[in-house]
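Take a look at the structure set out below.
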Amino acid sequence: MLQLALVCALALAPQPLLREDPPPVEGVDAKLVERRLAAIDAALASGETQAISQALRESTDAPHPDVVRRAEKALRRKEDEVRHAALDALRFLEHPHALRALHKAYKKERRKKQNDVLLAHLLKAVGQHGDESSITMLRDDPYDRNDRDVVRARILGLGNIRSARSVNALIDMMELVSESRVQRYMNEFRTSLILLTVTDQGPTVDRWVGWWNDNEKDFVVQPDAPRLPQPLGKLWRYYWGLGGDDERRERREDRGGSDG
């Protein structure tokens, strides 16, 4: 009887959901999603690189789990053009699964250590989402690849994540290597740190480290980013594809554009 009661209890217990997908983003047109999926599927079936890339880049206005899956599938293809288009799609699809797919792709790419151009693009796509869950990834062994664009993507990606943890990660990165090596990226470090701290300690590592040591305990990132001094403002706008002087990080890059 005891065994029978246990079986019955287990049968009546709540069962975990089989799907992890969140609902589609509110306000997304279901018919638009269908059209985007059909276009991607047709392009993939054709095998034509340009058609696949175009369909992926045009899909960013349809944030849906199935669209994310198509982009993730395309990211596994061999053609560099298609893989970069898939990263563009995952970069601008405002759906939590898009960032999850980028995190998975990063782990695979880190093991390969083959394509610095792709890695820089991938890190830029991660930073675009501005999510705290990406801080550890962006800070991960930052100088392992001796490629300027890869390091730059890490620094500016952290600057797009408004968290005290981002500031700490940037300061740690500045202290990992010699000051002469840090100076190569000082404009990027200074840009990200100004945006996060609303203070400017200049182009000197020691001043930034000293300021952080004095303020880390009580520091809170303000919700709004300040206006950057030139030419740092131009650096930031150019990197993220932003518009004029008055348009800062709150405006996302035009949807579907290439990495530039």
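The values are calculated or read from the model by the stated rules, or taken from the named source; none is laboratory data. Small disclaimer: the values here were computed from a predicted structure and weren't measured. Note that each Cβ is placed from the backbone with ideal geometry, even for glycine, and that neighbours are counted across all protein chains shown. Note: accessible area is taken over every heavy atom of the protein model, side chains too, but ligands, DNA and RNA are not part of it. Shrake-Rupley method; radii C 1.70, N 1.55, O 1.52, S 1.80 Å.
Checked against (1) open to solvent by 80 Å² or more (accessible area, probe 1.4 Å); (2) among the hydroxyl-bearing types (Ser, Thr, Tyr); (3) at pLDDT 95 or above, SER180 passes all but condition (3). Reported count of residues in segment 208-230, each being in contact (Cβ under 8 Å) with a residue 12 or more places away in the chain, closer than 16 Å to PHE189 by Cα and assigned to a loop (DSSP other than H, G, I, E, B), is 5.
This table checks each residue for (1) in a helix (DSSP H, G or I); (2) surrounded by fewer than 19 Cβ atoms within 10 Å (Cβ to Cβ).
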| site | (1), (2) |
| --- | --- |
| ALA101 | yes, no |
| LYS107 | yes, yes |
| ARG111 | yes, yes |
| THR136 | yes, yes |
| ARG152 | yes, no |
| LEU156 | yes, no |
| ILE161 | no, no |
| ARG165 | yes, yes |
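For the structure I just gave you, tell me whether ALA42 is closer than 26 Å to ASN168 by Cα and assigned to a helix (DSSP H, G or I). Judged against the criteria, ALA42 is not a match. State the number of residues belonging to segment 183-204 that are outside any loop (DSSP other than H, G, I, E, B), of a type in the set (S, T, N, Q) and open to solvent by 10 Å² or more (accessible area, probe 1.4 Å). Final tally of qualifying residues: 3.
The rows are residues; the columns are (1) under 15 Å from the mean Cα position of the chain (by Cα); (2) at pLDDT below 95; (3) among the small types (Gly, Ala, Ser).
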site: GLY27; (1), (2), (3): no, yes, yes
site: ALA43; (1), (2), (3): no, no, yes
site: ILE52; (1), (2), (3): no, no, no
site: ALA55; (1), (2), (3): no, no, yes
site: ALA86; (1), (2), (3): yes, no, yes
site: GLU109; (1), (2), (3): yes, yes, no
site: ASP116; (1), (2), (3): no, yes, no
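Checking each residue in segment 28-63 for being among the β-branched types (Val, Ile, Thr), closer than 19 Å to ALA98 by Cβ and open to solvent by 30 Å² or more (accessible area, probe 1.4 Å) picks out only VAL28.
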